[in-house]
Structure formats: C-alpha cells, structure tokens
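S.K.: The following block contains the structure, expressed as structure tokens.
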Amino acid sequence: MFAQQLVNGVLLGATYALFALGFTLMFGVLRVINLTYGFYFSAGAFIALFLTRQAGFGIWAALPVAAMGAGAVAVALDWLLLSRLRRVNAPELSSLMVTLGGVLALYSAATSILGPDIRRLPPDLVASDAFVLAGLRVTTAQLLILLATAVMVGALMALMRGTRLGLAIRAMAEKPDAAGLMGIDTGRLAALVSFISGCLAGAGGVLIGLNFNAIHPYMGEAMMLRGFVVIIVGGLGDIRGALIAGLLLGVIEVFTAGYVASGLKEAVAFAILVVVLWTRPSGLFGRAVVRRA
Amino acid sequence: MIIPPWLDDFLWTYQNLIHALGINGLLALSMYVVLAVGQLSLGQAAFMGLGAYSSALMTLKLKLPFFMVLPASCVVPVLFALAIGVPTLRLSGVYLAIATIGLGEVLRAVYLNVDYFGGALGLSGIPERAETWMIYGLLFAAVAILWLVGRSGVGRAMEAMREDETAAGVMGVNVGRYRMGALLASAVLAGLAGALGAHVSSFIGPNEYGFEPAVTILSYALLGGIGTPLAPVLGAWILTLLPELLRGFSDLRLVFNGVIIVLAVLFLPNGLLSWRMKRRGA
C-alpha cells in the first residue's frame, strides 16, 4: 500500500514537473510570470484530442504534433501580448497583468466555442493493461508519462548545458542587454524559449489528459496552482529545482489524499507554498539573489 | 420619506443590478488600494469569498444579528491577508500576485470538497438582511475615506511608492508598512463586499469566488484607472452595466473583461479616467 502510493506519487509528480518545467524556463529567461502558460496546456490536450479523434493519429504521432502546436500558440501569444512590453522594459507586474487578462479571454472564448463539458481521448489509444512488478501496479499511460518526462527533461538539460544555443539562452537569462550586445538576437531567442515552453506545456496537457482521461478548456487553470507551488518551492527559474519540487509535490498530494482527506490536497499544496515563502523565499535549493536558468 | 410609485417599480425591477453595482464598486476599491501602492493582489475574490462564507456561517449557524456579522466578516479575510502578506510583501511583487491567485484556487477547492461549506451546492437560505442603503453607505464612506487618505501625506507616499519604490524608501517612506496596510484595507473592503453580497442574494457557491471574478475585479480597476478612488468605481459600473445593455453578448462578458485588461495595460496605462487628485502643496 505504502509503496504503491509512493509509485503513484512519483508518477503524478513527474507530470507536475513536466508542466512546471516550461513555466520556470519562461520565467528564468524572459523574467515574466506568464499566466497564459496554463492555456498552452489546454491547447495541447485539445490538439491531441482532435488529432486522435478526427485525424486518426496514434499517441506517438499525436504527442509531438500537439506539443509543437501548443508551442506555436505560445509564440503567437508571446508576440501579441509581451513583445511590446519587453521592448520598453515594462515593470514585471504589467506583463503579469497582460497575461492574466489574456488568459481569461482565452479560456472563456475556448469555453464558449468548445463547450465546458469534459471530453475523453479514444479509449484504445494506449493499452489499458497494467504492469505488475513486485506487487506494484503501473499502467501503460503512467509509464508513458514517466518516459516522456525523462526524455524531455534530458533533452532540455542537454540543450541548456551542452549547446551554443543553450549558452545563448543562459546568457539572456543572466543579462538580456549584455546578451544583445554580444550579438545574440534576443527577440528571436525569446520566441524560441516561448516555443520550447509551449511544447513542454502542450506535452504535459496531452499526457495528463491521458492519465486522468478528462480534457476540458479550464484544465490548464486547475494545473496552474501546482505550477506555482512547484516553481516557488523549486526556486523561480531553477530547472533542476522544479524537477525535484514537482516530484515532491506529487508524492505529498498522493499521501494527503490517501491518508488524510482527498479534499485537502490543494490546501496542503498551498500550505507548502506559504511555508516556503516564509522560510526559504528563493526556493528550497536557492541562494539569495542568485539568478538561474 | 415618500418614494414615488415609478421609482419604487424601477428599484424593484432592477434591485439585483443596483446591489451588484454597489458591491462591485466596493470590490473595485479593494483592488484600487493595492494597486495604489504599486502592488498586484489577485486575492480580492478570495477575500470576498472568505467574508461571504464566514458571514453566512455566522448568520446561519450562530444566529448572530447582522450588525455584528457585518463587521466580523472582515476578520477572516484580514487573517488570511496577514498570513500571505507577511511573507510575500518583503519580496518582489510577483510573489504576492502568485500567492493570491493560488489562495483563490485553494479556497475554491476547499469550499467544494469540505461538507461544512456546503460543497458544490454552496450555502443557501441566507436571510436577506443587507439593505441597499448599507451597501451604498459603505461605498460612499469608502470612497470618502480613500479620497481623504489620497489627498493627505499618506496618499503622497503611496503615489511615490508606485512611481519609484526605492526612491520613496530613501525619502523615508516606510514601504513595508504601507504595503501591508494597503493589503489589509483591501481585505477589509473585499470581506465587507462578500458579506453584503451573501446577505442580498441568499445563496453563495464556490464558483463565485474563483479565478474569473478575481480577474474581473482587476479589469474594473484597470478600466477606470487609479488616479482617484472614484475612477475604479466607475470602471466597475461600466463593466457591470455593459453586459446588461448588450444582453446578446453576455456569453462573451469574460472575454471582454480579459481584453479590457490587455488593452488597458498595453495602451492606456492610466485608465479611462486619467485625471489625478489635486493636493495642497506640502
């Protein structure tokens, strides 16, 4: 029972980490709390829904296409809402407000077009049988999530630490003006970072839609609370921190639901957020005023 | 006082709208006080919900009279504002914004899942004890107080903080104390609005205090601008009346509110009513 809960918690936490990764990347590089991020998550899930239901895609084809679709949405929204403010160096609260207004408009427009009902991916999309290993039960969907998270985190780490592009992104995270003077096209790089973040969110939307088998326009909004907890506990802009904090949050939520009351799991997540803000505001792994990407 | 019959009819027909205008005005002011010190709190709907739920429970379970319930409805929102404000207000502005959005989401989940709060059905059968004159009396008092505060040295300090916090701090403005004061005032106003709303509509539910109302309240303040306390109230009135006038578009009300915020931030940084308060020279 305990071990099974732990496994479930880690698998749930992997989805939280996947979701929060793009969010924290966006903050780390573009220095914006972009609240439209939750919408990319919904967008990814709906694109996958369309591809699998209408266009007959399998999950392996639908996942990357939906992720890139969400990435394109992210680039478009970033250009529409934030590129102006970035050019004039607007205060960070203005960009937060713009994305807040934008996301309300997007969610309510999506709800009035698509309807508020919960939709489901085709039932035969992934095999429904579960693997049993040493008494622990893991479904195919959960394995898929773990695999996809590991691949994407690995790819992101490799990109950030091992390539010139990653170096440019880190330079921009450190000091956008200086990066511009060094010949980095910061406008294009911002679009690219938006795209990567959007892909991560979109992939998260597909995988979580698959795991819980429920897709609706506001699903990204429900996820944002977890996103906030993960990026603050992990430290704003800290990718490794987000990964660990995501796994931690998943485990804590599963244990709260299993041993305390399932209605309180959001409250526990929020209590963690407040306690971390009281005690370690730069995140569990952060040092004061050190910026990371 | 004799009310002519046509006026009586009018008031009866549009009673709900008249209440909504007053309550939304109070909410817009609760947003205004935070924006006026250069902070962004999205907890107004959450504070309103706390005021509404705590006051409704005081009326329904403890059978307290309304004159005690109304002031007491501020207590819970203020406690939550302290719990969130103390750790976040010493950090950069994004932390308060994030924590307050989170607060709204969490409280919604708690109201939904805890039976004591009525779950998805909410609390119903709340006696309609708030009168129109109470709502408008409080609204008038709030505008008057905020106007006087705005004209005083405190208002000058608040404006200085909004323009340049470092400079204001160097000039001797106790930045932390003003931020906290603004957040607490905002919690009080939203709590009162919540209690009044609960006691005019007889029903409250978890979805009335979630993300959408939180953003809508921000759109009131941004449409009006924060030059004077009257501006956000007018913003609230415009955005409350508009869906009534354009009934066919009421589905798009939230889309419109969202677009207002985007346009206001990008193109109208001072709001629609951008005149500022006059102050005597110091």
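Bear in mind these aren't lab numbers, they're just calculated from the coordinates by the rules spelled out. Given the structure is predicted, the values throughout are model-derived calculations rather than measurements. Cβ sites come from the backbone with ideal geometry, for glycine too, and all protein chains shown count toward neighbours.
S.K.: With each run of n ≥ 4 DSSP H residues scored as -39500 (n - 2.57), what mean residue ellipticity at 222 nm is computed for chain A after dividing by its residue count and rounding to the nearest 500 deg cm²/dmol?
M.R.: So the calculated ellipticity at 222 nm is -24000 deg cm²/dmol.
S.K.: Let me ask you something else. List the extent of the Cα atoms of the protein assembly as shown along each of their three principal axes, largest first, rounded to whole Å.
M.R.: 79, 56, 45
S.K.: Sorting A:L156, B:L268 on the 10 Å Cβ count, fewest up front, what's the list?
M.R.: Least crowded to most crowded, the residues run B:L268, A:L156.
S.K.: Build a GNM of chain A with springs between Cα atoms under 10 Å: which of A:F255, A:F131, A:F39 gets the top mean-square fluctuation?
M.R.: A:F131
S.K.: Rounding to the nearest 20 debye, state how big the charge dipole of the protein assembly as shown is about its Cα centre with +1 on each Lys and Arg Cβ and -1 on each Asp and Glu Cβ.
M.R.: Here the size comes out at about 1440 debye.
S.K.: Turning to a different aspect of this structure: Below 8 Å between Cα atoms, with a sequence gap of 6+, how large is the relative contact order for chain B in percent?
M.R.: Once normalised by length, the contact order is 32 percent.
S.K.: Hey, got the average number of other protein chain Cβ atoms within 10 angstrom for residues in B:57-63?
M.R.: The shielding value for this peptide is 0.
S.K.: Let me confirm one metric for peptide B:79-89, namely the mean number of other chain beta-carbon atoms within 10 Å of its residues' beta-carbons.
M.R.: 2
S.K.: Kirkwood Rh over Cα pairs of chain B into Stokes-Einstein at 10 °C, 1.306 mPa s: D in µm²/s?
M.R.: 83 µm²/s
S.K.: Can you give the net charge of the other residues whose Cβ lies under 15 Å from the Cβ of B:A52, counting K and R as +1 and D and E as -1?
M.R.: Its environment carries a net charge of +1.
S.K.: Going by Cα centres, segment B:41-116 and segment B:217-248 are how many Å apart?
M.R.: 23 Å
S.K.: Would you mind classifying segment A:205-293 by shape? Square roots of the alpha carbon gyration tensor eigenvalues, ordered a ≥ b ≥ c; an a/c under 1.5 is rounded, otherwise it is prolate if a/b is larger than b/c and oblate if not.
M.R.: Since a/c reaches 1.5 but b/c is at least a/b, the shape of segment A:205-293 is classed as oblate.
S.K.: Quick check on chain B: helices-only [θ] at 222 nm, where DSSP H runs of length 4 and up contribute -39,500 (n - 2.57) each and the sum goes over total residues. Nearest 500, please.
M.R.: Rounded to the nearest 500, the figure is -23000 deg cm²/dmol.
S.K.: For segment A:2-219, calculate the relative contact order in percent as a whole number, restricting contacts to Cα pairs under 8 Å that are 6 or more residues apart.
M.R.: Relative CO of segment A:2-219 lands at 44 percent.
S.K.: For segment B:69-171, run through the GluC sites (Glu not before Pro) and keep only the ones in DSSP coil with at most 12 other Cβ atoms within 10 Å of their Cβ.
M.R.: B:E128
S.K.: On a 0 to 90 degree scale, rounded to 10, what angle separates helix A:239-255 from the longest Cα axis of chain A?
M.R.: With rounding to tens, the tilt is 30 degrees.
S.K.: For chain A, modelled as a GNM with alpha-carbon contacts under 10 angstrom, which of A:M152, A:M219, A:M182 fluctuates the most?
M.R.: Highest fluctuation of the listed residues: A:M182.
S.K.: Compute the relative contact order of segment A:81-184 as a whole-number percentage, counting only Cα pairs closer than 8 Å that sit 6 or more residues apart in sequence.
M.R.: Reported relative contact order: 10 percent.
S.K.: Between helix B:75-88 and chain B, what is the angle of the helix's C-alpha long axis to the longest principal axis, kept within 0 to 90° and rounded to the nearest 10?
M.R.: Roughly 30 degrees, rounded to the nearest 10.
S.K.: So how strong a dipole does chain A carry about its Cα centre when Lys and Arg Cβ are +1 and Asp and Glu Cβ are -1, to the nearest 20 debye?
M.R.: 640 debye
S.K.: In what order do A:S112, A:S282 fall by count of nearby beta-carbon atoms within 10 Å, going from fewest to most?
M.R.: A:S112, A:S282
S.K.: Then there is this: If we count other beta carbons within 10 Å of each Cβ, what is the order of A:K265, B:K61, fewest first?
M.R.: Ordered from fewest to most neighbouring Cβ atoms within 10 Å, A:K265, B:K61 come out as B:K61, A:K265.
S.K.: Just to be sure I understand: with springs between alpha-carbon atoms less than 10 Å apart, which residue in A:A171, A:A20, A:A242 has the highest mean-square fluctuation in the Gaussian network model of chain A?
M.R.: A:A171
S.K.: Same structure, new question: Shape verdict for segment A:97-178, please, from the Cα gyration tensor: rounded (a/c under 1.5), prolate (a/b greater than b/c) or oblate.
M.R.: Oblate is the answer for segment A:97-178, as a/c is 1.5 or above yet b/c matches or exceeds a/b.
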